[in-house]
Amino acid sequence: MTTTYAVLSEGLEKRFGTVRALRGLDLAVAEGTVCGLLGPNGAGKTTAVRLLTTLLRPDAGSARVAGHDLVREAAAVRRRIGVTGQYASVDGDLTGRQNLRLFARLHRVRDAAARADELLDRFGLADAADRPASTLSGGLRRRLDLAASLVRRPDVLFLDEPTTGLDPASRNRIWEAVRALKAEGTTVLLTTQYLEEADRLADDIALVDRGRVAHTGSPAELKALVGAYAEAVVADAAALGRAAAVLDRLTGAEPALDHERRTVGAVSTDPTLTLPRLVRELDAAGVPLADARLRPPTLDDVFLRLTDGGDSDNSNDSDDGKELVA
Ligand SMILES: Nc1ncnc2c1ncn2[C@@H]1O[C@H](COP(=O)(O)OP(=O)(O)O)[C@@H](O)[C@H]1O
Ligand SMILES: [Mg+2]
């Protein structure tokens, strides 16, 4: 069986003046899957979305989206995709229902009124139906924006940081919507700064660092690579060295010592490490414990592990222009 890709890009580049926002983005998103573009602020996620949705032209590289060439068949690409950005595209003066009807008419959907009502219902937008969009809460407005991008039933949906700034309940509703869309066969490419979000939603994660994909894999693969962050607080500073030796052995990584906080911590590469085992081993080594923790890796941990530092500031690229070779 061969895989069909809804998004396939090669070497996409984009500059803004001296800033190289994208420096050769290679991306493959299989049809019917959810791909999470995960990366910190400034990594190039929005630029990638703007390129792949034909809002910007690439300086170099090529891509096929929904079976069409991004540049030569831009109009065909636009007909097959939906996009919701960091900024809402709905009209603040119109009500939720009016906005959806307008979108439906613009896109020549046959029964615009019925489609609008269907989407209001589906996204729990009853409260937004008769109120001007500008008066809606952030969560409702984001959902309305998402509904608007689905008016035409796109094959590929692009969501740029769909839950940034939302409360947990609104975030959960967006997550449910993404899962439902995937179940219907829609391919979704979403960007996020949250490891948890990518973990919950994505079949595959592409880690974006300074305009490039630094790593790809399933959430499980990524987590197995990074593991958890293990930390122990000792009751007696004299035991810090002993605690470090235990962490070194259990995590396979060099622990960081904080003498002031009497804390030692390390990113574990062993996905089977549990808190009880950590405590047991520290006990067995005679370490007097004040506290022990095992927490999921943060985006920072992931970047420290899988990129060369996690510093995504690419505003100053004067010394690496020579990398730009085909
Ligand atoms: N229109 C623009 N003009 C100048 N620089 C831009 C523009 N858009 C993005 N950039 C720069 O490109 C880089 C990538 O930005 P962006 O794609 O928005 O990243 P992300 O969405 O991952 O936060 C950043 O350094 C950003 O400042
Ligand atoms: Mg962005």
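Nothing in this text is a laboratory measurement; each read-out follows from the coordinates by a stated rule. Since the structure is predicted, the reported quantities are computational estimates derived from the model, not experimental observations. Using ideal geometry, Cβ is built from the backbone for each residue, glycine included, and neighbour counts are taken over all protein chains shown.
Potential lengthening of the chain between residue 134 and residue 15 amounts to 39.5 nm, from the contour at 0.36 nm per residue minus the alpha-carbon distance.
The angle separating the long axis of helix 168-183 from the principal Cα axis of greatest extent in the chain is about 70 degrees.
Going toward the positive end of the dipole of the chain, with +1 on Lys and Arg Cβ and -1 on Asp and Glu Cβ, which of 288, 103, 157 do you reach last? Result: 103.
Could you give the Stokes-Einstein D for the chain in µm² per second, using the C-alpha Kirkwood radius, 20 °C, 1.002 mPa s? For these conditions, the coefficient is 98 µm²/s.
Determine the dipole magnitude for region 9-57: charges of +1 sit on the beta-carbon of Lys and Arg, -1 on that of Asp and Glu, nothing else is charged, the reference point is the Cα centre, and the result goes in debye to the nearest 20. Charge dipole, region 9-57, about its Cα centre: 320 debye, nearest 20.
Applying 1/(1 + (r/R0)^6) with R0 = 45 Å to the Cβ-Cβ distance of residue 72 and residue 274 gives a FRET efficiency near 0.25. Close lysine pairs were tallied over the chain: pairs 8 or more places apart or on different chains with Cα atoms under 29 Å apart number 6.
A crude spin-label estimate for the pair residue 26 and residue 216, with each label 7 Å from Cα along the Cβ direction, gives 0.8 nm. Converting phi to 3J(HN,Hα) with the Karplus coefficients 6.51, -1.76 and 1.60 and the offset θ = phi - 60°, region 284-293 yields 4, 8, x, 8, x, 8, 9, 6, 9, 9 Hz in sequence order, with x at every glycine or proline. Other residues within the sphere of radius under 9 Å centred on the Cβ of residue 177, judged by their own Cβ, net out at +3 (K and R +1, D and E -1). Spin-label model, residue 258 to residue 290: label points 7 Å out along the Cα-to-beta-carbon direction sit 1.1 nm apart. Helix 240-251 sits at what angle to the longest principal axis of the chain, using alpha carbons and giving 0 to 90 degrees rounded to 10? Between the helix axis and the principal axis of the chain, the angle is about 50 degrees.
Rounded to the nearest 0.05, the FRET efficiency derived from the C-beta distance between residue 57 and residue 224 at R0 = 30 Å is 0.20. The chymotrypsin sites (Phe, Trp or Tyr not before Pro) of region 66-128 meeting both criteria, a DSSP state outside H, G, I, E and B (loop) and at most 10 other C-beta atoms within 10 angstrom of the site's C-beta, are 87. For the chain, the longest principal axis of the Cα atoms and the long axis of helix 112-122 meet at an angle of about 20 degrees.
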